[in-house]
1. Only one of V33, V20 is within 14 Å of the chain's Cα centre (by Cα) and within 15 Å of V152 (Cβ to Cβ); which?
2. What is the one condition in (1) surrounded by fewer than 18 Cβ atoms within 10 Å (Cβ to Cβ); (2) at pLDDT 90 or above; (3) under 14 Å from the mean Cα position of the chain (by Cα) that H122 does not satisfy?
3. Please verify whether R112 is surrounded by 18 or more Cβ atoms within 10 Å (Cβ to Cβ) and charged (D, E, K, R), treating the condition exactly as stated.
4. What about A36, is it more than 21 Å from L141 (Cβ to Cβ) and in contact (Cβ under 8 Å) with a residue 12 or more places away in the chain?
5. Please pick out the residue among A137, A87 that is in contact with a Gly (Cβ under 8 Å, 6 or more places away or on another chain) and of a type in the set (G, A, S).
6. What strands (runs of 3 or more DSSP E), lying completely within region 33-105, carry at least 2 residues that are more than 24 Å from E128 (Cα to Cα)?
7. Evaluate the following for G149: is it modelled with pLDDT of 95 or more, surrounded by fewer than 18 Cβ atoms within 10 Å (Cβ to Cβ) and among the small types (G, A, S)?
8. Can you tell me which residues in region 131-146 are crowded, with 22+ Cβ neighbours inside 10 Å and assigned to a helix (DSSP H, G or I)?
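The values are calculated or read from the model by the stated rules, or taken from the named source; none is laboratory data. What you are looking at is a predicted structure, and each value in this text was computed from that prediction instead of being measured. With ideal geometry, Cβ positions are generated from the backbone for all residues, glycine too; neighbour counts draw on all protein chains shown.
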Amino acid sequence: MSVRARDRQRSAVYAAEDQVARILDRAAHYPVVEIAGSRLTLSPERRFGDIPSVQRYVDAVLALPWVRERWPEAVRPVLVRERRGAARAHYEVTGAVIAVPVPTHGTGWALREMVVLHEIAHHLGGAEDTGHGPGFAGRMLDLVDGAIGAEVALVLRVALADQGATVG
């Protein structure tokens, strides 16, 4: 069975993350939002200008004491490299590499904090948990909570639930 065949909630996770990205884009100008009956002020999402700035961010997240404590076996160095094509970012288990497309023109959609945290969540899952299942969703929520803030994590949790994703 292929990884894609087993990755049942991949589309739900991506749809939830797209929803959160749109909310964060609006929150850059209007940071107070109402989600699930709660009024929240969202922290701004970091944007990156180049691969070295993404590398510094990944290194900083992996060096956080709570990350090292929670995932001691998975916190190993990660190399960030430019990815050919602009369609998607990805994580390579072999070599622990995050590949991020860098636009020659356009929006630079992948040079944003949520995308980078998504790839770090793959890294922290190790070789045994490569999909977008409940374990991945839980790691992503933990990373968003710790790196961006509890309010953005709540927005992501609601979006995941709206899309039918299970969080482990």
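1. The match here is V20.
2. Looking at each condition in turn, H122 falls short on (1).
3. On the way: surrounded by 18 or more Cβ atoms within 10 Å (Cβ to Cβ): yes; charged (D, E, K, R): yes.
Yes: the conditions hold for R112.
4. no
5. Numbers: A87 fails: in contact with a Gly (Cβ under 8 Å, 6 or more places away or on another chain).
The match here is A137.
6. Values: elements: 38-41, 79-83, 90-92, 97-101.
The strands (runs of 3 or more DSSP E) meeting that bar are 38-41.
7. Numbers: modelled with pLDDT of 95 or more: yes; surrounded by fewer than 18 Cβ atoms within 10 Å (Cβ to Cβ): yes; among the small types (G, A, S): yes.
Against the criterion (modelled with pLDDT of 95 or more, surrounded by fewer than 18 Cβ atoms within 10 Å (Cβ to Cβ) and among the small types (G, A, S)), G149 qualifies.
8. Going residue by residue through region 131-146, those that are crowded, with 22+ Cβ neighbours inside 10 Å are 132, 136-137, 139-140, 143-144.
Matches in region 131-146: F136, A137, R139, M140, L143, V144.
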